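Presented below is the structure to which this report refers.
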Amino acid sequence: MTPLELVLEAADFAAMAHAPQRRKTGHEPYVNHVVRVAREASRQGLAPEVVAAALLHDVVEDTRFGLDDLRARFPVRVVELVRLMTQWWPDDAPARVRAAEKPKYYAAILEDADAVCLKLLDRADNLADMAGVVDRARDWAERYLRRSEQEMAPLLAAVTHAGVRARYERAVVALRAALD
C-alpha cells in the first residue's frame, strides 16, 4: 500500500465508522474532527502512518469497531498509534479507576514521539471547538481548558516538534481569549 493509498483507506474507514455521529459541540459531523487532526498532522510533516492514525484515532473509543478490525486493514504502526490514543477506561468508569488509569495512559503516550504529537494535535482541535461554544457552554469549556493544561503539560514538555507545540499553544490561547 502506498502512503496515499494508506491515508485514503483510513479516510474511507473513518468516514464509514463515524458516519452517524455528531460532535458534542454542535451539529457538525464527527468525522470532520478526525479529518482536521489528520490534515494538521500532514501539514506538520508527520509520516503517512501518523496521518492515517489521526483519521482513525477515535474509531475504537467511539464506534462499534475495535483494534482487531483495524489490524485486518492497516499496518501495525497505524494500529499501535490508535491503541495509544484510545483511553483504557470507559467514560462511565468510577473516579478511582480514571485516576489510576490516566497516568499509565499518558506514560505510554510519552514513550512514542508520534503519539505525543498526535495527542497534542487532537487536543488542539478539541480546544478550538471549545472556543466556538463558550457562549452556551462556558463551564464545560473552562473545565476542559483546565484539564487540558494539567494533562497535556508532560506531553508539551516532551514534544520535540515545534510546529505541533505551536499549534497546541495557539489553541490554548484562543480558548483563553474566548473565555475572557
- [ ] Report, in degrees rounded to the nearest 10, the 0 to 90 angle that the Cα long axis of helix 113-131 makes with the longest principal axis of the chain.
- [x] 50
TODO: Take the alpha carbon gyration tensor of the chain, find the square roots of its eigenvalues, order them as a ≥ b ≥ c, and report rounded if a/c is under 1.5; if not, report prolate when a/b exceeds b/c, else oblate.
DONE: rounded
Task: Cβ-placed point charges (K, R +1; D, E -1), dipole of the chain about Cα centre in debye, nearest 20 - done: 400
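Among the trypsin sites (Lys or Arg not before Pro) in segment 90-167, which ones are in a DSSP loop with at most 10 other Cβ atoms within 10 Å of the Cβ? Mind listing them? Could the numbers behind the result be given before it?
On the way: sites: Arg96, Arg98, Lys104, Lys119, Arg123, Arg136, Arg138, Arg143, Arg146, Arg147, Arg165, Arg167; in loops: Arg136.
Listed in order of number, the matching sites are Arg136.
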Task: Cα long-axis angle, helix 31-43 against the chain (0 to 90 degrees, to the nearest 10) - done: 80
Task: Computed label-point distance, nm, for sites Ala107 and Arg71 using a 7 Å Cα→Cβ extension - done: 2.4
- [ ] With a ≥ b ≥ c taken as the square roots of the eigenvalues of the C-alpha gyration tensor of segment 1-78, please select rounded if a/c is under 1.5 and otherwise prolate if a/b is larger than b/c or oblate if it is not?
- [x] oblate
TODO: Relative to the longest principal axis of the C-alpha atoms of the chain, give the angle of the C-alpha long axis of helix 76-85, reported between 0 and 90° and rounded to the nearest 10°.
DONE: 20
Open item on the list: Let me check against my output: what whole-number percent is the relative contact order of the chain, with C-alpha pairs under 8 Å and at least 6 apart?
Closed with: 19
Open item on the list: If I take R0 = 22 Å and measure r between the Cβ atoms of Ala153 and Ala174 in this structure, what FRET efficiency does the formula 1/(1 + (r/R0)^6) give, to the nearest 0.05?
Closed with: 0.75
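Quick note: the coordinates plus some simple rules give every number you see, no bench work behind them. Keep in mind it's a predicted model, so treat the numbers as computed, not measured. In this analysis, Cβ positions are derived from the backbone assuming ideal geometry, glycine residues included, and neighbour counts consider all displayed protein chains.
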